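A.B. asks: Have a look at this one before I ask anything.
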Amino acid sequence: MSDDGEQKPAGALTDRHQRSSRGIFSEEPPAIVRVTEAELRACNRRELLKYGLGGAAVAALGGYATFGLSKPRRSKLLAGILTFDDDVAKAMYSPERLVPTYTKSEVTNLRVTYFGGAPDPSYIPGWRLTLRGLRSGRAETLTIDDLRRQFIIRDQITRLVCVDGWSAIAWWSGLRFNELLHAYPPTDNAKWAKLESSVSTDGMGHSDPYFVSIDLPTARHAQTILATQRNGLPLTVEHGAPLRLVAPMKLGLKNIKAITEITYSVEEPQDFWGNLGFSHYDGI
Amino acid sequence: METSSDSVAADGTVASLDVSVQPTRAVVWRHHVLVRWTHWLTVPLLLGLILSGVSIYSFGPVYQHAPDAITGNTDYVADVGIWLCAHVPGLHHYRDPPAWVYDHFGRPRSFTAALRLHWLLVYLFMLNGTVYMLGLVLGGGYRALLPRLSDIRDGSAMALQYAGVIFAKIVRRSRPHPHEATKYNPLQRLSYCAMPLAGLLAILSGWAMHKPMQLHWLATMFGGYDDARIWHFWLTWVFVIFTVPHVILILLDGWDTMRSMFFGWSERTGGGPR
């Protein structure tokens with residue numbers, strides 16, 4: 001017998017590495033093993049046992065998760081994957097990493113995403129921004145003219161990405177959230193900002209406040225701005241007049257329109273879509 | 001020619017225990033245990049990813065047209081549902097024709113549940129793919145998957161032969177299937193090698209869509225965020241288009257091929273499938 005494989009005694013049927021003398025990328029004929037029926041059956045039994053154990057374990061875990069858990073516990077388990085995915089997103093986030101910017105010629109159409117339709121614009125003349133949770137202990141109230149006067153308005157052309165999948169490139173102008181944080185510092189151990197819009201309405205025209213949580217590391221990012229303008233003109237009511245958040249490193253649903261109140265807090269605040277089963281972090 | 005050293009023929013009494021005279025079969029080891037396990041785990045994982053992916057797609061279709069004058073619909077997939085419900089007997093009374101495709105191929109239909117399931121499965125899919133690669137390396141199976149220069153000529157010849165199968169049937173000429181000395185024939189090699197690559201690209205384009213800002217370099221590699229969605233969409237079809245003939249051909253090829261993916265060994269000692 002010239003073939004090494006033919007010399008293998010019975011009972012040698014195991015996973016084996018296909019080695020090759022012709023280099024690590026060459027395919028060589030596999031070693032041929034002569035085995036008895038009994039040995040083949042024993043091998044199949046071993047493999048079947050392993051499949052059985054693995055399958056039973058998967059079925060037991062899956063069955064327990066599907067039928068053994070109460071509905072709240074099950075949704076909590078599935079919510080665990082959101083928490084895990086959020087942790088991955090937080091680990092990826094870098095305050096120094098800038099998102100891509102574009103030229104004015106790359107600006108695209110921007111959808112209007114007010115669910116209940118844009119609110120009645122009558123709120124705009126009397127609009128005020130209220131800041132709470134400040135180090136001073138006071139609540140601050142600012143008009144849009146206060147903001148325009150106190151802060152540098154910068155242009156920013158970035159992509160807005162919706163959780164639904166579509167995206168748009170928009171030209172915004174606004175003040176850096178970070179500069180507002182410096183001018184009106186939050187309490188010392190604050191980690192979060194809750195941004196609210198009291199003017200949002202539902203489909204029937206009834207008041208339906210919108211609110212999002214923003215972690216302060218994101219609020220301090222150089223490209224997180226409180227926009228006052230789009231395409232060089234004051235924001236229209238459909239796009240959040242007179243002040244909206246533009247945080248391109250978050251999903252579009254965090255980019256709240258017509259902000260009326262910002263509250264800083266130590267504990268994570270409520271989030272409109274987070275309460276409805278979406279991620280709370282939404283870092284992209 | 002005595003091959004067995006543990007022969008007990010000397011005392012002449014227990015010859016039946018002597019393996020050299022028991023009937024034996026020549027077998028080769030075909031798939032490493034990690035390759036086999038991850039191969040089968042891919043089935044539920046990929047199925048779940050596709051079903052939840054279809055559901056997620058329904059909330060923001062990649063391919064849209066101008067709003068239809070009558071229905072206001074912009075989604076080509078919804079058009080398919082409308083057409084099916086209008087033309088297929090028994091579907092005329094379907095309550096929501098634009099949602100027909102999504103209702104039947106998207107699970108779960110809740111957006112948040114579909115997103116959660118997609119994330120859960122994709123982390124498992126990445127883990128599974130890593131273990132598969134490990135199995136390919138540990139078992140040396142990657143060698144048989146690597147394309148070679150001769151595949152250009154032999155693969156084209158095979159493809160031509162397959163294309164001519166119907167013609168050959170008509171003129172009643174038997175066309176023997178070329179026999180390969182290697183584990184896989186050139187077309188198998190091409191498709192089996194393409195699958196891990198497609199899996200890798202699907203994962204990467206998925207991350208480009210999931211984190212287009214933190215991983216903007218990755219999104220740029222796919223041509224930007226919007227194009228990464230197009231890659232992800234068509235890579236899904238690559239899996240579907242691979243799976244259909246894969247299952248049919250494996251069933252046609254016989255039990256040995258299927259068995260080798262279960263138990264690892266094969267009686268095809270002289271190369272790949274006939």
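The values are calculated or read from the model by the stated rules, or taken from the named source; none is laboratory data. Everything numeric in this text was worked out from a predicted model, so none of it was measured. Positions of Cβ are generated from backbone atoms using ideal geometry, with glycine treated the same way; all protein chains shown enter the neighbour counts. Note: areas computed on protein heavy atoms with side chains; ligands, DNA, RNA excluded. Shrake-Rupley method; radii C 1.70, N 1.55, O 1.52, S 1.80 Å.
A.B. asks: So what's the angle, to the nearest 10 degrees on a 0 to 90 scale, between helix B:186-210 and the longest Cα principal axis of chain B?
C.D. replies: 40 degrees
A.B. asks: State the percent of C-alpha pairs, over all pairs in the protein assembly as shown, separated by a distance greater than 47 angstrom.
C.D. replies: 32 percent
A.B. asks: May I ask you to derive the FRET efficiency for B:Phe167 and B:Gln22 from their Cβ-Cβ distance with R0 = 45 Å, giving the value to the nearest 0.05?
C.D. replies: Efficiency computed from Cβ-Cβ geometry: 0.40.
A.B. asks: Suppose each label sits 7 Å from its Cα in the direction of the beta carbon; what would the B:Leu149-A:Ala57 distance come out to in nanometres?
C.D. replies: 4.6 nm
A.B. asks: In square nanometres and to one decimal, what's the mean projected area of the convex hull around the Cα atoms of segment A:13-126?
C.D. replies: For segment A:13-126, averaging the hull's shadow over all directions gives 20.2 nm².
A.B. asks: For segment A:19-84, treating each Cα as an identical point scatterer without solvent, what Debye log10 I(q)/I(0) comes out at q = 0.17, 0.22, 0.28 1/Å?
C.D. replies: At q = 0.17, 0.22, 0.28 Å⁻¹ the computed log10 ratios are -0.78, -0.97, -1.07.
A.B. asks: From the Cα trace of chain B, what convex hull volume per residue do you get, rounded to a whole Å³?
C.D. replies: Enclosed volume per residue, from the Cα hull, is 246 Å³.
A.B. asks: Additional query: When the accessible area of each residue in segment A:25-44 is compared between its chain alone and the complete protein assembly (1.4 Å probe; ligands, DNA and RNA ignored), which residues differ by at least 30 Å², being lower in the assembly?
C.D. replies: Residues losing area: A:Phe25, A:Glu27, A:Pro30, A:Ile32, A:Val33, A:Arg34, A:Val35, A:Thr36, A:Glu37, A:Leu40, A:Asn44.
A.B. asks: If N is the number of residues in segment B:145-274, what value comes out of its Cα radius of gyration divided by 2.2 N^0.38 Å?
C.D. replies: 1.35
A.B. asks: Considering every pair of different Cα atoms, what Kirkwood radius, in Å, is found for chain A?
C.D. replies: Over chain A, the inverse of the mean reciprocal pair distance is 23.4 Å.
A.B. asks: In deg cm²/dmol, rounded to 500, what helix-only [θ] at 222 nm does chain A give when every DSSP H run of at least 4 residues adds -39500 (n - 2.57) and the total is split over its residues? Write down the numbers at each step before the final one.
C.D. replies: Details: 5 runs with 67 residues, N = 284.
Dividing the helical sum by the residues of chain A leaves -7500 deg cm²/dmol.
A.B. asks: If you don't mind, there's one more thing I want to ask. Step through the residues of segment A:254-270 one at a time and calculate ³J(HN,Hα) from phi using the Karplus curve (6.51 cos²θ - 1.76 cosθ + 1.60, θ = phi - 60°), rounding each to whole Hz and writing x for Gly and Pro.
C.D. replies: With coefficients 6.51, -1.76 and 1.60, one gets 7, 7, 5, 9, 6, 5, 10, 8, 10, 10, 8, 8, 7, 8, 5, x, 5 Hz.
A.B. asks: In square angstrom and rounded to 100, what buried accessible area do you get between chains B and A, total over both, with the probe at 1.4 Å?
C.D. replies: 5300 Å²
A.B. asks: So which of A:Lys76/A:Lys191; A:Lys194/B:Lys211; A:Lys71/A:Lys257; A:Lys50/A:Lys90 end up more than 31 Å apart, counting from Cα to Cα? Numbers along the way, then the final one.
C.D. replies: Details: A:Lys76/A:Lys191 24 Å; A:Lys194/B:Lys211 23 Å; A:Lys71/A:Lys257 34 Å; A:Lys50/A:Lys90 38 Å.
Long pairs (Cα-Cα over 31 Å): A:Lys71/A:Lys257; A:Lys50/A:Lys90.
A.B. asks: Rounded, prolate or oblate for segment B:40-91? Axes are the square roots of the Cα gyration tensor eigenvalues, ordered a ≥ b ≥ c, and the cut-off for rounded is a/c under 1.5.
C.D. replies: Oblate is the answer for segment B:40-91, as a/c is 1.5 or above yet b/c matches or exceeds a/b.
A.B. asks: Another one. How big is segment B:96-142 by the Kirkwood estimate over distinct Cα pairs, in Å?
C.D. replies: Taking the inverse mean of 1/r over all distinct Cα pairs, segment B:96-142 comes out at 13.0 Å.
A.B. asks: On to the next question. For chain B, take the longest principal axis of its alpha carbons; what is the angle in degrees between that and the long axis of helix B:33-58, to the nearest 10 within 0 to 90?
C.D. replies: Once rounded, one gets 10 degrees.
A.B. asks: Right, next: Angle between the Cα long axis of helix A:37-63 and the longest principal axis of chain A, 0 to 90 degrees, nearest 10?
C.D. replies: 20 degrees
A.B. asks: Calculate how many DSSP beta bridges within chain A are antiparallel, expressed in % of all such bridges and rounded to the nearest 5.
C.D. replies: Among the beta bridges of chain A, antiparallel pairing accounts for roughly 90 percent.
A.B. asks: Then there's this: Return the inverse of the average 1/r over all pairs of distinct C-alpha atoms in segment A:130-244, which is the Kirkwood hydrodynamic radius, in Å to one decimal.
C.D. replies: Taking every pair of different Cα atoms in segment A:130-244, averaging 1/r and inverting gives 15.5 Å.
A.B. asks: Rank by packing, highest mean first: peptides B:200-206, B:39-45, with packing defined as the count of other Cβ atoms within 10 Å averaged across residues.
C.D. replies: B:200-206, B:39-45
A.B. asks: Solvent-accessible area of A:Lys90, probe 1.4 Å, all protein chains present, reported in Å² to the nearest ten, please.
C.D. replies: That residue has around 90 Å² of solvent-accessible surface.
A.B. asks: Suppose every Lys and Arg Cβ carries +1 and every Asp and Glu Cβ carries -1, with no other charges. What dipole size does the protein assembly as shown come out with about its Cα centre, to the nearest 20 debye?
C.D. replies: In debye, rounded to 20, the protein assembly as shown gives about 200.
A.B. asks: For segment A:208-284, give the magnitude of the charge dipole about the Cα centre (Cβ charges: +1 Lys/Arg, -1 Asp/Glu; no others), in debye to the nearest 20.
C.D. replies: Computed charge dipole of segment A:208-284: roughly 360 debye.
A.B. asks: Please provide three numbers in whole Å: the alpha-carbon extents of segment B:132-222 along the principal axes, with the largest listed first.
C.D. replies: On the principal axes, segment B:132-222 reaches 61, 32, 20 Å in Cα extent.
A.B. asks: What part of the accessible area of segment A:151-221, given as a whole %, is carbon or sulfur when the probe is 1.4 angstrom? If you can, show how the numbers build up before the last one.
C.D. replies: Values: 1450 of 2710 Å².
Here it works out to 53 percent.
A.B. asks: Sticking with this structure for a sec: Could you give the length gained by full extension between A:Leu48 and A:Arg111, i.e. 0.36 nm per residue of separation minus their alpha carbon distance, to one decimal place?
C.D. replies: Extra length from A:Leu48 to A:Arg111 when fully extended: 17.1 nm.
A.B. asks: Next question. If DNA, RNA and ligands are ignored and the probe is 1.4 Å, what is the ranking of B:Thr243, B:Thr257 by accessible area, most exposed first?
C.D. replies: Of B:Thr243, B:Thr257, the descending order of accessible area is B:Thr243, B:Thr257.
A.B. asks: At 1.4 Å probe size, what's the solvent-accessible area of B:Phe111? Round to the nearest 10 Å².
C.D. replies: Its accessible surface works out to 20 Å², give or take rounding.
A.B. asks: Could you provide, to the nearest whole Å², the per residue accessible area of the protein assembly as shown with probe 1.4 Å?
C.D. replies: Result: 53 Å² per residue.
A.B. asks: Counting pairs of alpha carbon atoms under 8 Å apart in space and at least six apart in sequence, what relative contact order in percent does chain A give?
C.D. replies: Averaging sequence separation for qualifying contacts and normalising by length gives 18 percent for chain A.
A.B. asks: Evaluate 2.2 N^0.38 Å with N set to the residue count of segment B:231-274, then give the Cα radius of gyration divided by it. Each step should come with its number before you reach the end.
C.D. replies: Numbers: Rg = 13.6 Å, N = 44, 2.2 N^0.38 = 9.3 Å.
Taking the Cα Rg and dividing by 2.2 N^0.38 Å, one obtains 1.47.
A.B. asks: Among B:Trp83, A:Trp171, what's the order by accessible area (1.4 angstrom probe), most exposed first?
C.D. replies: B:Trp83, A:Trp171
A.B. asks: Whenever you get a sec, compute what percent of the accessible area on chain B sits on carbon and sulfur atoms (1.4 Å probe).
C.D. replies: Within chain B, the accessible surface is 72 percent carbon and sulfur.
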